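Below is one structure, written out as structure tokens; comments come after it.
The values are calculated or read from the model by the stated rules, or taken from the named source; none is laboratory data. Since we're looking at a predicted model, the values are computed, not measured. Note that we place each Cβ from the backbone using ideal geometry, even for glycine, and neighbour counts take in every protein chain shown. Protein only, heavy atoms only, side chains kept; ligands, DNA and RNA dropped before computing areas. Shrake-Rupley method; radii C 1.70, N 1.55, O 1.52, S 1.80 Å.
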Amino acid sequence: MKILFATANQHKVDEVQRLLGDAIEIITPAQTGYTDDIPETGNTLEENARQKARHIYERCAQPCFADDTGLEIDALGGAPGVYSARYAGDGKDSQANMRRVLKELHGVSHRAARFRCVIVLIAASREYVFEGRVDGEIITEERGTQGFGYDPIFRPEGYPCTFAEMPVEEKNRLSHRGKAVEQLVAFLQKAEILNPAP
Ligand code: IMP
């Protein structure tokens, strides 16, 4: 079974491919010859995930899913949220994004935060939505080299280390994307949309 993942982020592809196992093979838009940017101009995670999935589905005409993730920090009123990728500007610079968050939380003791991930799957012209979240807190400095994005400053609840200090398998077990993908996998395994009966 093959399925398109509407992303240009290889970290996400690697994480999700591990979760999908051998039975479902991810292909990327780039592998089908699509290398332009995928637009994400929505006001919510679901709008963005839907927009990305539709954009690629319309061009590649095969079953396709997209995710959109936001880091929501209570002390910042839920920011950066849907603007997580561009929090420090259009460059989508993870280091600059983390610097901005740490600066804004300087001296703040209530540091609760969560990642939310919404996945939209489109197959046979129907759309399906899955969501996962993980609660935790923003620590006061970057720690760890694994993962990507805000991983070095996010410590999931109940763990002593950040996502960037964990092997990818461990992050996947508890992460927002891991939980959303778990639902996607369960759906794909029982659905006949990708393998319709003859
Ligand atoms: P998007 O889902 O690609 O739009 O991601 C929004 C922002 O959140 C980007 O800055 C990503 O680097 C960041 N991000 C997405 N997923 C994760 C994650 O699993 N860990 C840390 N940061 C993430």
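Among the residues of the range 122-148, count how many are within 10 Å of the ligand (Cβ to nearest atom) and either open to solvent by less than 20 Å² (accessible area, probe 1.4 Å) or of a type in the set (A, V, I, L, M, F, W, C) (or both). Number of matching residues: 2.
Look at the range 60-77: where a residue is within 16 Å of R155 (Cα to Cα), no partner that is open to solvent by 40 Å² or more (accessible area, probe 1.4 Å) and of a type in the set (D, E) sits 6+ places away or on another chain with Cβ atoms under 6 Å. Taking the listed residues R86, R54, the one that is within 14 Å of the ligand (Cβ to nearest atom) and out of contact with any Phe, Trp or Tyr (no Cβ under 8 Å at 6 or more places or on another chain) is R86, with no other qualifying.
Being open to solvent by less than 70 Å² (accessible area, probe 1.4 Å), in a strand (DSSP E or B) and more than 18 Å from C117 (Cα to Cα) narrows it down to one of I56, I3, so name that one.
Working: I56 fails: in a strand (DSSP E or B).
Result: I3 is the single residue among I56, I3 that is open to solvent by less than 70 Å² (accessible area, probe 1.4 Å), in a strand (DSSP E or B) and more than 18 Å from C117 (Cα to Cα).
For the range 61-85, name all the residues that are modelled with pLDDT under 95 and surrounded by fewer than 17 Cβ atoms within 10 Å (Cβ to Cβ). Scanning the range 61-85 gives A61, Q62.
Per-residue answers, yes or no, for (1) within 13 Å of the ligand (Cβ to nearest atom); (2) under 26 Å from C64 (Cβ atoms); (3) within 16 Å of the chain's Cα centre (by Cα); (4) surrounded by fewer than 17 Cβ atoms within 10 Å (Cβ to Cβ):
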residue	(1), (2), (3), (4)
Q95	yes, no, no, yes
E104	no, no, no, yes
F115	yes, yes, yes, no
C161	no, no, no, yes
